[in-house]
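Novice: Take a look at this one; I'll ask things after.
The values are calculated or read from the model by the stated rules, or taken from the named source; none is laboratory data. Computed from a predicted structure; not experimentally measured. Cβ coordinates were reconstructed from backbone atoms using ideal geometry, including for glycine residues, and neighbour counts include every protein chain displayed. For accessibility, only protein heavy atoms count, side chains too; no ligands or nucleic acids. Shrake-Rupley method; radii C 1.70, N 1.55, O 1.52, S 1.80 Å.
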Amino acid sequence: GGLGTRISEETHLKPKPMIEIGGKPILWHIMKIYSHHGINDFVICCGYKGYLIKEYFANYFLHMSDVTFDIANNSMEVHHRTAEPWKVTLVDTGEETMTGGRLGRVARYLEGEENFCLTYGDGVSDVNITELIAFHKAHKLKATLTATLPPGRFGALDFDGVRIRSFKEKPKGDGSLINGGFFVLTPAVFDLIKGDATIWEREPLETLAAEGQLAAYQHTGFWQPMDTLRDRTYLEEQWASGNAPWKQWK
C-alpha cells in the first residue's frame with residue numbers, strides 16, 4: 001500500500017503492485033504463485049491509488065478475455081472467459097499506514113484462521129509455499145519468515161595486485177540471509193500491532209525474535225524484489241525469456 005517512491009517512474013501513475021511484468025500486474029504474479037500451491041483466498045491491503053487495484057479485479061474478465069461491445073444495442077459479450085478460482089477481499093488500509101498497521105487493519109477478515117500467509121506486493125520467488133507452510137506448522141511458533149540471499153547489485157572483483165583474478169557480474173550478497181517476506185503467521189501476532197504507526201519489521205518481528213517465536217525458513221532459490229526500474233527491467237527480461245523462475249504454474 002505504500003507510495004513506492006524508489007520506482008516513481010511508474011508509481012506516479014499506479015500503485016506499485018499494479019506495475020506490469022509481461023503485461024500482468026506483479027500482484028497477479030504473486031497471487032499465481034500462491035494459487036499454484038492451493039491458496040486462493042486473498043486479502044489485499046490497499047493504500048496509495050488502491051482504487052486502481054479494485055478496478056482491476058472488478059473488471060478482471062475485461063483484462064483477461066476477448067470482448068465484443070455492441071454499441072448500437074448497448075451490450076457486451078465476453079469470449080473465452082479465463083477465470084481464476086480466487087476470492088479477493090480488497091481493504092482500504094490508508095495511504096499513510098505503516099506495514100504493521102496495514103496488517104492490523106485486516107485482522108477482522110482473518111478471524112477463525114489457525115494460520116495465514118503474508119507477503120509484500122512487490123516481489124516474486126520460486127519459494128515452495130507448500131513446504132513453507134508445513135515447516136511453520138511443524139515448528140509450532142507464532143511466526144515464520146522466509147530467509148533468502150539478496151540479489152547482487154554490482155559486479156564483484158577479486159584482485160591480485162593490479163590484476164583482476166576474477167570478475168563476477170552481480171553475485172548474490174555477502175552470504176547474510178535477509179527477510180524475504182513470504183511469512184506464515186498465527187493470529188497471535190495481531191497482539192503485537194498497536195496501531196497504524198506500527199512497522200511490521202520493527203516491534204512485532206523484533207519482539208517475536210526476542211521471545212523465540214520467529215522461525216526462519218531458508219530459501220536458496222530465486223527471489224527478486226521490484227524496488228527500482230532496473231529491477232522491473234530485469235523481471236521483464238526474465239519473463240520474456242520464457243523461463244521466469246517464479247512461474248511455477250502452467
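Novice: Using a 7 Å offset from the Cα along the Cα-to-Cβ direction at both ALA107 and GLN218, what is the distance between the two label points in nm, to one decimal?
Specialist: 3.4
Novice: Next up: Per the Kirkwood definition applied to all pairs of different Cα atoms, how many angstroms is the hydrodynamic radius of the stretch 193-250? If you can, show how the numbers build up before the last one.
Specialist: Details: mean 1/r = 0.0679 Å⁻¹.
Kirkwood hydrodynamic radius for the stretch 193-250: 14.7 Å.
Novice: Tally up the carbon and sulfur contribution to the accessible surface of the stretch 1-124 as a whole percent, 1.4 Å probe, everything protein left in place. All intermediate terms of the calculation are to be shown ahead of the outcome.
Specialist: Working: 3220 of 6630 Å².
It is 49 percent, rounded to a whole number.
Novice: For the pairs LYS49/LYS142; LYS142/LYS247; LYS16/LYS142; LYS24/LYS194; LYS24/LYS87; LYS87/LYS140, flag any whose C-alpha to C-alpha distance is greater than 24 Å.
Specialist: Values: LYS49/LYS142 32 Å; LYS142/LYS247 29 Å; LYS16/LYS142 29 Å; LYS24/LYS194 35 Å; LYS24/LYS87 18 Å; LYS87/LYS140 27 Å.
Listed pairs above 24 Å: LYS49/LYS142; LYS142/LYS247; LYS16/LYS142; LYS24/LYS194; LYS87/LYS140.
Novice: Indicate the gyration tensor shape class of the stretch 94-141 (rounded, prolate or oblate), computed on the Cα atoms with a ≥ b ≥ c the square roots of the eigenvalues: a/c under 1.5 is rounded; otherwise a/b larger than b/c is prolate and the rest oblate. Can you show the working numbers first?
Specialist: On the way: a/c = 2.80, a/b = 1.39, b/c = 2.02.
Note, shape of the stretch 94-141 comes out oblate.
Novice: Specify which labelled value, from (1) 17.4; (2) 13.7; (3) 16.4, agrees with mean projected area of the Cα convex hull in nm² derived from the coordinates of the model shown.
Specialist: (1)
Novice: Let me ask something else about it. At 1.4 Å probe size, with no ligands or nucleic acids counted, give the accessible surface of PHE61 in Å², nearest ten.
Specialist: Number for this one is 70 Å².
Novice: When you count, for each residue, the other Cβ atoms within 10 Å and take the mean per peptide, how do 105-117, 199-211 rank with the highest first? Provide the component values of the computation, followed by the final result.
Specialist: On the way: 105-117: 13.2, 199-211: 15.6.
Ranked by mean Cβ neighbours within 10 Å, highest first: 199-211, 105-117.
Novice: In terms of Cα to Cα distance under 16 Å, which aspartates and glutamates are near enough to LYS137, apart from those fewer than 8 places away along the same chain?
Specialist: Qualifying aspartates and glutamates at Cα under 16 Å: GLU113, GLU114.
Novice: GLU95 versus LEU229, label points 7 Å from Cα toward the beta carbon: distance in nm?
Specialist: Here the answer is 2.4 nm between the modelled labels.
Novice: A further question follows. State the extension gain, in nm to one decimal, for the chain segment bounded by ILE71 and SER241, taking 0.36 nm per residue of separation less the distance between their alpha-carbons. Walk me through the intermediate numbers first.
Specialist: Details: separation 170, 0.36 × 170 = 61.20 nm, distance 3.91 nm.
Difference between extended and current length: 57.3 nm.
Novice: Moving on to the next point. Taking only protein heavy atoms into account and a 1.4 Å probe, give the accessible area per residue of the stretch 198-250 in Å².
Specialist: Details: 2910 Å² over 53 residues.
I get 55 Å² per residue for this part.
Novice: For the chain, give me the percentage of DSSP beta bridges that are antiparallel, rounded to the nearest 5 percent. Don't skip to the answer; put the middle values down first.
Specialist: Working: 22 of 34 bridges.
In the chain, DSSP labels about 65 percent of beta bridges as antiparallel.
Novice: Give me the accessible area per residue for the stretch 9-112, probe 1.4 Å, as a whole number in Å². Mind dumping the intermediate values first?
Specialist: Numbers: 5570 Å² over 104 residues.
Using a 1.4 Å probe on heavy atoms only, each residue of the stretch 9-112 averages 54 Å².
Novice: Choose one answer from GLU20, GLU95, GLU84: the residue with the largest mean-square fluctuation in a GNM of the chain with alpha-carbon springs under 10 Å.
Specialist: The residue with the greatest mean-square fluctuation here is GLU84.
Novice: What three numbers, in Å, describe the spread of the alpha carbons of the stretch 1-146 along their principal axes, ordered from the longest?
Specialist: 61, 32, 29
Novice: Taking the Cα centre of the chain as origin, work out the dipole magnitude from +1 charges on Lys and Arg Cβ and -1 charges on Asp and Glu Cβ, in debye rounded to 20. Let's see the in-between values first.
Specialist: Numbers: 27 positive and 32 negative charges, 87 e Å.
Charge dipole, the chain, about its Cα centre: 420 debye, nearest 20.
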